[in-house]
Amino acid sequence: MQNQKKTYTNPFLVLSAILVICFFINISLGSVYIPLKEVFNSLIGHETSQEAWQHIIQNYRLPKAFTAIIVGSGLGISGLLMQTLFRNPLAGPFVLGISSGASLGVALVILGSGLFGGIFATLFISKWGIVLAASLGSFLVLLSVMMVSLKIRDTMAILIIGLMFASITAAIVSVLSYFGSAQQLQQYIFWGFGSLGNLSWDELFILFLIYALGIVFSIFSIKPLNTLLLGENYAKSLGLNIKKSRLIIIIATSLLAGTITAFAGPIAFIGLAIPHLTRQVFNTASHKVLLPAVFLFGAIVMLVCDSISQIPNSDYTLPINAITSLVGAPVVIWLLVRKQKMVF
Amino acid sequence: MDTKNQHIIIKTKDLSIGYASKKAQTVIVSNINIELKKGELIGLIGANGIGKSTLLRTLTKVQKPLQGDVLINSKSLSNYQAEDLAKVLSLVLTEQITAKNLSVFELVALGRQPYTNWIGNLSQNDLTIINKALNQTNIDDLKYKKCFELSDGQLQKVMIARALAQDTDLIILDEPTTHLDMYHKAYILKLLQKLAKETNKTILFSSHEIDLAIQLCDTLIVITNNKVVCDEPCKLIEKGVFNTLFPKDLIAFDEKTGSFRVNK
């Protein structure tokens, strides 16, 4: 697509520039006011005039900004993969039951801790305990969905099976909530709000490793995804191994959405909306363009939402999950109304 | 070149088609022996539910033969890997593509997938073949249009161009003229005739346009009550095959005009 490379260079440059700007804005805003000059000083390794500022930027705001980029781009890309695989504009990263699996794991640890006894509980409700429970939960649900999907010829059936697993886990969580104490319930609900700011550099490093692996799998699914645009029958006639491609796409999604949910909670909306936003702006169906564009859009939107949720210069932090929908949904509605037509 | 024209692309040996479940086999048609040569346009004709689709599905390896074998370029269909088959056989299906946001060029370019690298980059050679396919189907001016902007007739030309870009010896089309008006039915079949001659590819299509197929095809495959006949159209008329195609209470075949007439 020689002639198309040219037309897409400019939007990519603009988006990259916006991403960098958003990154700096995100770092310079927060509950504590830090002058812009000092922010730059800290980033390039110079001393800041107050030691606390250095600490805030390097150990709190910088990992949070990187987390936002990973979460936004990762969820956006897994949403794109699912929407193309299922040929369904309503699909998102969580249609395979990833977030419901994670929430089941976390619910078992937080709400079920009463059942397991005291010592056990305190051991588990540490940060890593939650991450572990969420990973294990989403992994087990995914594994079940994947085992079923290997036996199934019809891709649409996988979508339904994912939804059924989500219903089952939601039901178990309801039962657990019914028996949980008020304090446990609050803790579980707070996890459900999502959070970008709790990650240390060590945790961020692990998140990044798995995320990078997921991105590699996504890049390898670009060609199969483009072939799948014609529908499975045409894809088969073009020599595509449907089951293998489907597996690669599902693995990529689970790596991305699974770890992100484990570390940052079930962040809604981004995975569903970013691919639509990108298609409206770029107006193409080629994943060679869409994948990097979704990466940029996802990262930008997440940085912006995080900046808003911090409410600059105040002590409050709104739940990130609420902000993504509050900010994002009107934007998508506006785009659809303005263009009068959904591009999918 | 005459000897090359006689080269047989696809051949069936005592083929039985139908559906097999664990309990029983449902044979739809048996003893199919056909040979299709290079550069021929072949029409597949038969009443609804007689087994046209099943035959096409068997020839394209979507389902297995119950008995016998299908040979493409003297090699059994069962010995083809999916990616090798994609280089000798391309399809135009009846199903609508869902990704209407693809441009015509992008869609035709997808025909090059069996030849491109892991990320699907198009080489200079790929571009040449794509542009040639656009040219041969007379859709150069549609190149940058989106698929949702096209009429049914234009879309069918695009799908044929995509099959051409796949650069296979054999192109199989499943009812390429449904949803089209009379003019475009003739246009598409005439285009297929031209492509078979120009590109020396074997083009097989199923259709209900019997009178058009009689006029345009080199060979017709006619499926009548569990029997398959394969011959030149005029010889089939002589044999009176078309009279056995449908129940006789409503329509009858007129040998002079080569078309069906409603009984008065």
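Every condition in (1) surrounded by fewer than 24 Cβ atoms within 10 Å (Cβ to Cβ); (2) touching a His at 6+ places or on another chain (Cβ under 9 Å) holds for residue A:66 except the one numbered (2). Taken over region A:152-167, the criterion of being open to solvent by 70 Å² or more (accessible area, probe 1.4 Å) and under 13 Å from residue A:86 (Cβ atoms) is satisfied by A:154, A:156, A:160, A:163.
Within region A:134-151, the only residue that satisfies the criterion of being surrounded by fewer than 19 Cβ atoms within 10 Å (Cβ to Cβ) and among the β-branched types (Val, Ile, Thr) is A:148. Every test in (1) at the interface with chain A (Cβ under 9 Å from one of its Cβ atoms); (2) under 30 Å from residue B:20 (Cα atoms); (3) surrounded by 14 or more Cβ atoms within 10 Å (Cβ to Cβ) is passed by residue B:114 save one, and that test is (2). Across region A:207-264, the qualifying residues are those that are open to solvent by 20 Å² or more (accessible area, probe 1.4 Å) and touching a Gly at 6+ places or on another chain (Cβ under 7 Å), and the one among them that is farthest from the other protein chains (Cβ to nearest Cβ) is A:255. When the residues of region B:41-54 are filtered to those that are open to solvent by 10 Å² or more (accessible area, probe 1.4 Å) and among the hydrophobic types (A, V, I, L, M, F, W, C), the one that is farthest from residue B:248 (Cα to Cα) is B:50. Among the residues of region B:117-129, those identified as surrounded by fewer than 15 Cβ atoms within 10 Å (Cβ to Cβ) and facing another protein chain (nearest Cβ under 8 Å) are B:118, B:119. Within region A:300-316, not a single residue is on the phi > 0 side of the Ramachandran plot and within 14 Å of chain B (Cβ to nearest Cβ).
For first residues located in region B:11-27 and open to solvent by 80 Å² or more (accessible area, probe 1.4 Å), partners that are among the acidic types (Asp, Glu) and lie 6+ apart or on another chain with Cβ distances below 8 Å form the pairs B:13/B:69; B:14/B:69. The set of residues in region A:272-292 being in a helix (DSSP H, G or I) and either of a type in the set (Ser, Thr, Tyr) or more than 14 Å from every other protein chain (Cβ to nearest Cβ) (or both) consists of A:272, A:273, A:274, A:277, A:278. For region B:83-106, a tally of residues being facing chain A (nearest Cβ under 8 Å), within 19 Å of the chain's Cα centre (by Cα) and of a type in the set (A, V, I, L, M) returns 6.
For region A:23-63, taking the residues that are polar (S, T, N, Q) and under 30 Å from residue A:216 (Cα atoms), the one that is surrounded by the most Cβ atoms within 10 Å (Cβ to Cβ) is identified as A:26. Exactly one residue among B:143, B:132 is within 13 Å of another protein chain (Cβ to nearest Cβ), among the basic types (Lys, Arg), without any contact (Cβ under 8 Å) to a residue 60 or more places away in the chain and open to solvent by 10 Å² or more (accessible area, probe 1.4 Å), and that residue is B:143. Given the options B:78, B:151, name the one that is touching a strand residue (DSSP E or B) at 6+ places or on another chain (Cβ under 8 Å) and more than 13 Å from every other protein chain (Cβ to nearest Cβ). Exactly one residue qualifies, and that residue is B:78. Screening residue A:53 on (1) in contact with an Asp or Glu (Cβ under 6 Å, 6 or more places away or on another chain); (2) on the phi > 0 side of the Ramachandran plot shows it passes everything except condition (2). The listed residues are B:38, B:64, and the only one of them that is open to solvent by 10 Å² or more (accessible area, probe 1.4 Å), under 29 Å from residue A:243 (Cβ atoms) and among the basic types (Lys, Arg) turns out to be B:64. Somewhere in region A:4-13, is a residue of a type outside the set (S, T, N, Q), surrounded by 11 or more Cβ atoms within 10 Å (Cβ to Cβ) and away from chain B (no Cβ under 14 Å)? The answer is yes, given that some residue of region A:4-13 is of a type outside the set (S, T, N, Q), surrounded by 11 or more Cβ atoms within 10 Å (Cβ to Cβ) and away from chain B (no Cβ under 14 Å). One residue alone among B:75, B:87, B:64 is in contact (Cβ under 8 Å) with a residue 24 or more places away in the chain and farther than 30 Å from residue A:284 by Cβ, and that residue is B:64. Only one entry of A:19, A:80, A:29 meets the criterion of being in contact (Cβ under 8 Å) with a residue 40 or more places away in the chain and within 14 Å of chain B (Cβ to nearest Cβ), and that entry is A:80.
If the condition is being in a helix (DSSP H, G or I) and more than 26 Å from the chain's Cα centre (by Cα), then region A:231-271 contributes A:232, A:233, A:234, A:235, A:236, A:237.
The values are calculated or read from the model by the stated rules, or taken from the named source; none is laboratory data. All values reported here derive from a predicted model rather than from experimental measurement. Reconstructed Cβ throughout: ideal geometry from the backbone, glycine too, with neighbour counts over all protein chains shown. In case anyone asks, the SASA skips ligands and DNA or RNA and just uses the protein heavy atoms, side chains included. Shrake-Rupley method; radii C 1.70, N 1.55, O 1.52, S 1.80 Å.
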